[in-house]
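Participant: My questions all concern the structure below.
The values are calculated or read from the model by the stated rules, or taken from the named source; none is laboratory data. Remember, it's a predicted structure, so these values are computed and weren't measured experimentally. Note that we place each Cβ from the backbone using ideal geometry, even for glycine, and neighbour counts take in every protein chain shown.
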There are 2 protein chains.
Amino acid sequence: MTAPLDDASRTRPGRKAGAAVPNSDAVARLAGVSRSTVSRAFTPGASIAPVTLERVMAAARELSYSPNPLARSLISRRTDTVGLVMGHPENPFYQEVLTGFTSRLQRRDLRVMCQTAPDIESVEDSVRSLLRYNVDAVIVTSSGITSAAVGEAHAVGVPIILFNRTVEDDALSRVQTDNRRGGRAVADLLNHGGHRRLAYINGLENASTNRDRLAGFTERLGELGLPPPLLEYGEYSYEGGREAIKRLMLGGDPPEAVFCANDISAFGALDGLRYDLGLRVPDDVSLVGFDDVPMAAWPCFDLTTVRQRRNQMVEATLDSLDLLMRDPDRPPIRHDIPGRLIVRRSARLAPAG
Amino acid sequence: MTAPLDDASRTRPGRKAGAAVPNSDAVARLAGVSRSTVSRAFTPGASIAPVTLERVMAAARELSYSPNPLARSLISRRTDTVGLVMGHPENPFYQEVLTGFTSRLQRRDLRVMCQTAPDIESVEDSVRSLLRYNVDAVIVTSSGITSAAVGEAHAVGVPIILFNRTVEDDALSRVQTDNRRGGRAVADLLNHGGHRRLAYINGLENASTNRDRLAGFTERLGELGLPPPLLEYGEYSYEGGREAIKRLMLGGDPPEAVFCANDISAFGALDGLRYDLGLRVPDDVSLVGFDDVPMAAWPCFDLTTVRQRRNQMVEATLDSLDLLMRDPDRPPIRHDIPGRLIVRRSARLAPAG
DNA sequence: GTGAAAGCGCTAACAT
DNA sequence: ATGTTAGCGCTTTCAC
């Protein structure tokens, strides 16, 4: 529970002694003003005479000075740093999300502290660690979070946003694809294709994305008078999908169409079907994924899938972050961004001749 | 050039006022000791009586106090934070590298500040920004760096390590695959396959990885008495590879075998060959990539390639970092880790019947 | 509009 | 082994 402060690395020496990092004192001396004036020169709203400003800035340029943000944060209680906790970085979708976040945050002149957290407990550790470093906000991607961590963040007034994950705690801001609606759309598509025996290859069992996609899928199947899907476990991974499809197809009552919880597991399922089982897609089995990663469009896969609007989701997250950082007491913000069915060739569109 | 300090975000308020972050003063009072004793309790080597230590720690636990690392860094001149500048995050290989770095740095109790930098100028901006935040070291992945940035880092004693990139400045530490040797190995392989008209699909023209792979390839071809390869430009991307192969094959003297600067462009070339041009691999053309990303093993690609030993490279980088952080004046450390030829089915192994 | 003084939370140097 | 003092680099009163 306690932070490992007693680690050996603490014996490491600090920065080289002779290193000359200019401070406001030096600039003040060179410009012939007081330290507070230098500070004012670097504080946008401050009242300062234009000439003085110019003189200070010239001195600052000469010494290539800029205020030490860490010292500044000691007083301002802002670090201009956002913490990013990534749950499942092996999925290309989240890799693009990560890039989206870092590049856009940079553009807003915010620093990014990255942590990877394989499971929900390490999310707690990560958040705690980020809070110690006084980040101004935390984004948690594709992973849940313990209410303990939420509480600690709330106590110090640091907003948390969940990206593509929901938790029971309804007091949390979040941005996600409308996974349930995505699942429903897939049910409709497969129904149009004339399929009746359907299956779903689960992602991670506890992920809300997985649960919601399945819930929407099953719900809509029910409305259409179709039986609930067969279930298998694919762990959101290529290997998982490839194994899962074999278990499904070699079981008693093989499905006619399979909905995979994400694209990567769908690629695994696709390869399992054609290379391991010698079946054709979509002639023998229809297959649908979720995410629309770039590879899904490659001819080798040509995967019908539900697109998550990555850019839109990232933008929504950053906009929400802005609002929450301005006012930590604001009620939680929630975005459910509709996915978009991308029809390619891996699923039959009409009943077989 | 100057940092955009005058941005609007500075008007954003700091952390919630009521937020109670305990400080050493509070702990000192509760434990009935002085503030310096509290400090000592959290400083591993410090001389402190076991009973006092216990009492302080109990008080700290009660207030859930831990020292503010930012305030601490003001004096110690260490932030326990490493800057990571990523050049081309769209390549899955570097996405895995990124994950490797963040998870391993976390394990060493170091924070990671991430920046993405599309070009060499933005690397300079990124490094400067990281230096302002007093990172203890900087890792630059898959991108070059300006000597200005190197100079600034050196001036403040912050080590920089280049990951998979070389620059003229020989005073820089770096870790990379022995790209030249990798290129030579591919030349040998294709020669064994009986190919004589060869081509190389370039990655990014200025990337040292690209130059070295090509140099090794060409060099070894020369030694084997083969003509230098035809050249095309694939930009290290799927689309680039797919277009490049078309230009090559539809040109006057189509090659018998093609070496692609990385796996992703090789996938593009492969799809171009079979889906756009109707050719078979390796029957009509042999194809080799570089990286050995997980997808290369998927049956759909089954790509012969040169494996970069990602984990080993990441470990070597972190070990070097450790040494350099301990002694910034230490001479540059260089690792050239041999790649490994992974033979799959995309390249012929013996001359055609 | 500007300077002096106080203090953010911490550690280091010097006492004892 | 512990307390006192000074100061890291900055901003923020509060005077003028």
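Participant: I'm checking my understanding of the structure. Among residues of the range A:121-144 that are more than 12 Å from chain B (Cβ to nearest Cβ) and small (Gly, Ala, Ser), which one is nearest to the chain's Cα centre (by Cα)?
Facilitator: Going through the qualifying residues, I end up with A:SER142.
Participant: Does the range A:77-87 contain at least one residue that is within 11 Å of DNA strand C (Cβ to nearest atom) and either aromatic (Phe, Trp, Tyr) or out of contact with any helix residue (DSSP H, G or I) (no Cβ under 9 Å at 6 or more places or on another chain) (or both)?
Facilitator: Yes, that holds for at least one residue.
Participant: Does any residue of the range A:220-243 turn out to be outside the structural domain of A:PRO118 (by TED's automatic domain parsing), within 30 Å of A:THR146 (Cβ to Cβ) and more than 26 Å from the chain's Cα centre (by Cα)?
Facilitator: For the range A:220-243, residues outside the structural domain of A:PRO118 (by TED's automatic domain parsing), within 30 Å of A:THR146 (Cβ to Cβ) and more than 26 Å from the chain's Cα centre (by Cα): present.
Participant: Next question, about the same structure. Do we have B:ASP292 as buried (at least 19 other Cβ atoms within 10 Å of the Cβ), of a type in the set (Asp, Glu) and in contact with a Lys or Arg (Cβ under 8 Å, 6 or more places away or on another chain) here?
Facilitator: yes
Participant: Moving to a separate point now. With B:SER129, B:SER103, B:SER122 as the choices, which residue is in contact (Cβ under 8 Å) with a residue 12 or more places away in the chain and of a type in the set (Gly, Ala, Ser)?
Facilitator: B:SER129
Participant: Look at A:LEU98 and say whether it is under 21 Å from A:ARG174 (Cβ atoms), assigned to a helix (DSSP H, G or I) and either of a type in the set (A, V, I, L, M) or within 16 Å of DNA strand C (Cβ to nearest atom) (or both).
Facilitator: Spelling it out, A:LEU98 is indeed under 21 Å from A:ARG174 (Cβ atoms), assigned to a helix (DSSP H, G or I) and either of a type in the set (A, V, I, L, M) or within 16 Å of DNA strand C (Cβ to nearest atom) (or both).
Participant: Continuing with this model, one more query. When you scan the range B:55-71, how many residues do you find that are more than 10 Å from DNA strand D (Cβ to nearest atom) and either among the charged types (D, E, K, R) or assigned to a helix (DSSP H, G or I) (or both)?
Facilitator: 8
Participant: Which residues, counting only those in the range A:294-322, are touching a helix residue (DSSP H, G or I) at 6+ places or on another chain (Cβ under 8 Å) and closer than 10 Å to A:GLN176 by Cα?
Facilitator: Result: A:GLN308, A:ARG310, A:MET313, A:VAL314, A:THR317.
Participant: Within the range A:139-182, how many residues turn out to be among the small types (Gly, Ala, Ser) and in contact with a Phe, Trp or Tyr (Cβ under 6 Å, 6 or more places away or on another chain)?
Facilitator: Going through the range A:139-182 one residue at a time, the tally reaches 1.
Participant: Only residues that are within 12 Å of another protein chain (Cβ to nearest Cβ) and of a type in the set (D, E, K, R): list them for the range A:259-288, please.
Facilitator: Hits for the range A:259-288 are A:ASP271, A:ARG274, A:ASP276.
Participant: How many residues are more than 14 Å from chain B (Cβ to nearest Cβ), in a loop (DSSP other than H, G, I, E, B) and either without any contact (Cβ under 8 Å) to a residue 12 or more places away in the chain or near DNA strand D (Cβ under 9 Å from one of its atoms) (or both) when one looks only at the range A:24-53?
Facilitator: Total satisfying the criteria: 3.
Participant: Give the number of residues within the range A:291-321 that are free of Cβ contacts under 8 Å to residues at least 40 places away in the same chain and outside any strand (DSSP E or B).
Facilitator: Number satisfying all stated conditions: 5.
Participant: How about the range B:72-91: which of its residues are assigned to a helix (DSSP H, G or I) and either in contact with an Asp or Glu (Cβ under 8 Å, 6 or more places away or on another chain) or facing chain A (nearest Cβ under 7 Å) (or both)?
Facilitator: Residues satisfying the conditions are B:SER73, B:LEU74, B:SER76.
Participant: Output the qualifying pairs, or none if there are none: Cβ atoms under 6 angstrom, residues six or more apart or on different chains, first residue in the range B:331-353 and farther than 27 Å from B:GLY272 by Cβ, second residue charged (D, E, K, R) and surrounded by fewer than 16 Cβ atoms within 10 Å (Cβ to Cβ).
Facilitator: B:ILE337/B:ARG309
Participant: Right, next: Can A:ILE139 be described as farther than 26 Å from B:THR116 by Cβ and in the same structural domain as A:ILE160 (by TED's automatic domain parsing)?
Facilitator: Here the answer is no, as A:ILE139 does not meet what is asked.
Participant: Next question, about the same structure. Which of the residues belonging to the range A:152-190 are closer than 20 Å to A:ASP263 by Cα and either in a helix (DSSP H, G or I) or within 14 Å of chain B (Cβ to nearest Cβ) (or both)?
Facilitator: A:ASN179, A:ARG180, A:ARG181, A:GLY182, A:GLY183, A:ARG184, A:ALA185, A:VAL186, A:ALA187, A:ASP188, A:LEU189, A:LEU190, listed by residue number.
Participant: Right, something else. Could you tell me which residue of the range A:56-71 is nearest to DNA strand C (Cβ to nearest atom), considering only residues that are crowded, with 18+ Cβ neighbours inside 10 Å and away from every other protein chain (no Cβ under 11 Å)?
Facilitator: Taking the candidates together, the pick is A:VAL56.
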